[in-house]
Amino acid sequence: MKRRRLELVVLACGGIFLVYLMVSFHPGKRPATAKARGKVLNAPGIDSAGEATTMLDGFDFTETVGGKPLLRIRADRTVGYGLGAGLAPNLYAGEKVTLTAYPEDGAPVTVHSDRANYDERSRESKLTGNVRWTDTDGSLAETAEARFHPSSRTLEVPGTVHFTRGSMDLTAPSALYDLQERVVRFAGPVQGTGTGAESGGISRLTASAGLFRRDQSVLELESADAESRTGDRFASDHLILKLENPGSRPEWARANGNVRGILSPGGPAAKAAGHAAGAPVERKYTGEQSMLIFDEAGKPKSFTLTGSPALLWEKDRRLTAKQIDIAFAEGRATSARASGGVRIDSADSRGEADQGTLGFGKDGATENAALDGNVHVEAGDRKGQGARAVEVGSGGTWVLTSSPALAAKVESGASRITADRIEIARESGQIRAEGQARAVFAPDTQKKQYTVTFVGDPKRPAYGRGDRITLDDQHHLATLSGSASLWQDTSSLFADDITLSDADKSVTAVQNVRAVMSPPKEKDRDKEKDKEKGSPTSAQDKAASVI
């Protein structure tokens, strides 16, 4: 009778154990083979968990908090470790594991690994061997080990991690995935590579640290330094790269702090094509902030650089302004528009204005430059101003034009010329004025150079007018054409064309010549003496106001 009661107790304990297995392991399957048992028992991190008490070929467990799922673990084969047979396991070790972590809101994150341990006491999981996770937007991360902390809802990656999105690949020494904020934080140094349009043309990337915001599809990098396949360079203290969502194509990149880089004319192909004509021009830039917009093919479309000032320069030219906007075509910079305190410096000239533009050729060389609004130009000892100025050709010719509110004017020493349009040709040393041209020919007392005049005192100014006026420094000529007139004091000369030659000390008048010759009045001489003493009521000032 006692033996019969003992058998019933054993059967009852066995039934309770079976019920426990059914609750703990869903769905229940056949026990693993001895060969499989030996393999699973060697799983890492189980030394302090006790002895193997249970073994199943399948495992599917969901942990919930307040009725909401926290995590779900599925495995092909699982061993439970505990203090002894019949006792609840402290740790579960599985193979071919899938862990799904659920944030409080938003899409879950699924992590796959070759092996994983789930600790019943801490509720934490450790995944090892080919660990990888993906999201619905196409991001993929791979590492050798990851740890899930349910209390903070974080996935910790203590070792090297590879993160990919489209054709961009980042490598970091460690990372932390915050499932609540849905942000992956990468420890530095971060190394990156790109192979296609989905990387925005980036071929190499480094950063001191970074993070990826999953919801916004935004990659943020600290102390970023990047290089493109075509040879462009970029660096800044902080870089934000916005990716298409869904998708992986870059939409824009915004940088802050110590922005700097190089604009290549088009990479190796352009360099090879332009080799015969000379080295292609590489253009450098610096600023405080920048914004880069990409086109549908993932190539640069526009680039805005701001600073105090922003700077864009090449070997023989420098552009500075508060803001510089660069336009691209097929990934190549084609033009730059500047605004706010614009200044263009070249080897032998300088231009300033409210706004300005530069055009770039296929080899990157500047094809033209234009300035608008309150323009001031300096070329050698000549100073010009106007409503607009355009630099034409490689010879460096500035063309100034006027507006109803501001006439074009060029000064050289004490002499000056005004007109609707004035050309300053630095290479030929000529000034060509057209349209209601007016000139004051004044001696340069510092250089002891005096003007040629048809009558009167060469140490005093003479005044000219014509449809066109040309000054030639190389040949020391001044030519007035089209209803030309020249006068000094009360004497005057009129003709279709008048030429003054400093070299020959002569004045030549052609066609329809008329002249009035008279010595200056005594009061005019007195006024001239007053001018030399600093009097503001000089004959020159009055004459200058007339023209």
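The values are calculated or read from the model by the stated rules, or taken from the named source; none is laboratory data. Not measured: the values here are computed from a predicted model. FYI the Cβ positions are ideal-geometry reconstructions off the backbone, even for glycines, and counts take in every protein chain you see. SASA here: full protein model, heavy atoms, side chains in, ligands and nucleic acids out. Shrake-Rupley method; radii C 1.70, N 1.55, O 1.52, S 1.80 Å.
The rows are residues; the columns are (1) farther than 21 Å from Gly341 by Cα; (2) surrounded by 18 or more Cβ atoms within 10 Å (Cβ to Cβ); (3) in contact with a Cys (Cβ under 7 Å, 6 or more places away or on another chain).
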site	(1), (2), (3)
Thr366	no, yes, no
Gly373	no, no, no
His376	no, no, no
Lys383	no, no, no
Ser402	no, yes, no
Ala408	no, yes, no
Glu411	yes, no, no
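Given the criteria in contact with a Leu (Cβ under 8 Å, 6 or more places away or on another chain), in a strand (DSSP E or B), touching a residue at least 40 places away in the same chain (Cβ under 8 Å) and buried (at least 19 other Cβ atoms within 10 Å of the Cβ), does Ile431 qualify?
Values: in contact with a Leu (Cβ under 8 Å, 6 or more places away or on another chain): yes; in a strand (DSSP E or B): yes; touching a residue at least 40 places away in the same chain (Cβ under 8 Å): yes; buried (at least 19 other Cβ atoms within 10 Å of the Cβ): yes.
Yes: the conditions hold for Ile431.
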Residue, surrounded by the fewest Cβ atoms within 10 Å (Cβ to Cβ), within the range 122-170, restricted to residues that are of a type in the set (S, T, N, Q) and either part of a strand (DSSP E or B) or in contact with a His (Cβ under 8 Å, 6 or more places away or on another chain) (or both): Asn130
Qualifying residue in the range 366-385 (condition: at pLDDT 85 or above and closer than 25 Å to Glu330 by Cα): yes
Of residues in the range 58-101 being part of a loop (DSSP other than H, G, I, E, B), touching a Ser or Thr at 6+ places or on another chain (Cβ under 8 Å) and in contact (Cβ under 8 Å) with a residue 40 or more places away in the chain, the one surrounded by the most Cβ atoms within 10 Å (Cβ to Cβ): Pro89
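Condition check ((1) open to solvent by 20 Å² or more (accessible area, probe 1.4 Å); (2) under 19 Å from Arg254 (Cβ atoms)) across all residues:
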{"position": "Ser290", "(1), (2)": "no, yes"}
{"position": "Ile293", "(1), (2)": "yes, yes"}
{"position": "Lys299", "(1), (2)": "yes, yes"}
{"position": "Thr304", "(1), (2)": "yes, yes"}
{"position": "Ala310", "(1), (2)": "no, yes"}
{"position": "Lys315", "(1), (2)": "yes, no"}
{"position": "Lys322", "(1), (2)": "yes, yes"}
{"position": "Asp325", "(1), (2)": "yes, yes"}
{"position": "Ser335", "(1), (2)": "yes, no"}
Test: residue in the range 189-197 that is open to solvent by 10 Å² or more (accessible area, probe 1.4 Å), among the hydrophobic types (A, V, I, L, M, F, W, C) and in contact with a strand residue (DSSP E or B) (Cβ under 7 Å, 6 or more places away or on another chain): no
Output for the range 111-135, where each listed residue is among the polar types (S, T, N, Q) and either under 36 Å from the mean Cα position of the chain (by Cα) or under 14 Å from Glu63 (Cα atoms) (or both): Ser122, Ser125, Thr134
When residues of the range 467-496 are limited to those that are among the hydroxyl-bearing types (Ser, Thr, Tyr) and either open to solvent by less than 40 Å² (accessible area, probe 1.4 Å) or at pLDDT 90 or above (or both), the one nearest to Gly429 (Cα to Cα): Thr470
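From the list Ser217, Ser174, Ser236, Ser223, exactly one residue is modelled with pLDDT under 90 and hydroxyl-bearing (Ser, Thr, Tyr). Which is it?
Answer to the check: Ser217.
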